[in-house]
Amino acid sequence: MTTPLIVGNWKMNGLSADLGEARALADLLAQRPHHARAGLCPPATLIERMARALAGTEVLIGGQDCHAEAFGAFTGEISAEMLAEAGASLVIVGHSERRATHRETDRLVRAKATAAVEAGLLPILCVGENFAQRQANLALDVVTGQVLHGLPQMLAGAADAGERVCIAYEPAWAVGTDLVPTIDQIQEAHATIRAALVHGLGPAGRDVNILYGGSVNPHNAREILGAAEVGGALIGRASHKAAEFIEIICAV
Ligand code: PGA
């Protein structure tokens, strides 16, 4: 079994003053027994300072998105290599908010995940159906397609693929809503994603962490993280305060 991974996504939240929460999280992790690896994805403006503030601690730092190209005339964009240089070791790609508001396609998400792997970052490839797709019984087809079309092709057949990519199953209707799928629905989606990973990567697909994300909080974390094939979580709102986030990390 791979080590569970619990990652906080601050989205467009966080100013210098909030670096204290990141530091508090690192201090709590040093005191509390836990089994998971923990990471924080602050806005890009804080990555370098957070990396400095948390140097020598076990908290991983990540970006929330990256561009598919390494450099060039792409105003406002940030490349995976730039994130890595700033101190990131993770990057979220294909988050449902970007798929919805920036019209990101599987093709683009794959290019971003590939750029991340090339820069030495661990991409957290987000997949998940929207509410209409869930209602139409299409959830499992949607996540299978997103995994197979989003995985970096260079990882197919790689024996170490399990350490070079992870998936986050985040049903769009559960993100930011306080709606949570049933444990059966989570397990069904994760089993489907596992099958797609093995199909797409080969045997190393069994080693890939599949995170669950969408309205995880300290009250539901233990049950969700204990479900079959759940190898961690991606946390939005409940990752802002160290005192709350630590309870989720320690729920594994
Ligand atoms: P939430 O967000 O925990 O606030 O629902 C999850 C996410 O967007 O990853």
(request) Name the long-range amide H neighbours of ASN9: under 5 Å, sequence gap of 5 or more, or other chain; modelled H, no Pro or chain starts. (result) CYS41, ILE235, GLY236
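At most 12 other Cβ atoms within 10 Å plus a DSSP loop assignment makes a site exposed; report the longest stretch of the chain without any exposed chymotrypsin sites (Phe, Trp or Tyr not before Pro). It would help to have the intermediate numbers written out before the result.
On the way: sites that count: PHE71, PHE74.
The longest such stretch corresponds to 75-252.
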(request) Would you compute, from DSSP H runs of 4+ residues alone, the mean residue ellipticity of the chain at 222 nm, taking -39500 (n - 2.57) per run and dividing by the full residue count, rounded to the nearest 500? (result) -11500 deg cm²/dmol
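If I require 15 Å or longer along the helix axis, counting alpha carbons, and a Kyte-Doolittle average no lower than -0.5, what helices from the chain are left? Use full DSSP H segments. Could you put the intermediate results ahead of the total?
On the way: long enough: 19-31 (19 Å, 0.54); 106-118 (18 Å, -0.09); 139-150 (16 Å, 0.86); 183-201 (26 Å, 0.34).
Flagged H segments are 19-31, 106-118, 139-150, 183-201.
Taking 0.36 nm per intervening residue step and subtracting the Cα-Cα distance, what contour gain separates THR105 from PHE131 on full extension? Please list the in-between numbers first.
Values: separation 26, 0.36 × 26 = 9.36 nm, distance 1.79 nm.
Length difference between fully extended and current span is 7.6 nm.
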(request) Could you tell me the distance between the Cα centroids of the range 1-58 and the range 228-252, to the nearest Å? (result) 11 Å
(request) List the residues of the range 74-115 whose backbone N lies under 11 Å from a point placed 7 Å from the Cα of GLU48 along the Cα-to-Cβ direction. (result) 83, 85-87
(request) Can you put LYS112, LYS11, LYS241 in order of Cβ neighbours within 10 angstrom, beginning with the fewest? (result) LYS241, LYS11, LYS112
(message) Report the Cα-based extents of the range 57-201 along its three principal axes, largest first, to the nearest Å.
(response) 41, 34, 34
(message) Test of understanding: express the Cα radius of gyration of the chain as a ratio to 2.2 N^0.38 Å, with N the residue count.
(response) 0.93
(request) Return the whole-Å distance between the Cα centroid of the range 144-161 and the Cα centroid of the range 170-219. (result) 16 Å
(message) What distance in nm lies between label points placed 7 Å from Cα along the C-beta direction at HIS199 and PHE74?
(response) 2.9 nm
(request) Just rank VAL252, VAL165, fewest to most, by other beta-carbon atoms within 10 angstrom. (result) VAL252, VAL165
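Only the coordinates and a few stated rules stand behind these numbers; no lab work does. It should be emphasised that the depicted structure is a prediction, and the values quoted were computed from it without experimental measurement. So basically every Cβ, Gly included, is an ideal-geometry build from the backbone, and we count neighbours across all protein chains shown.
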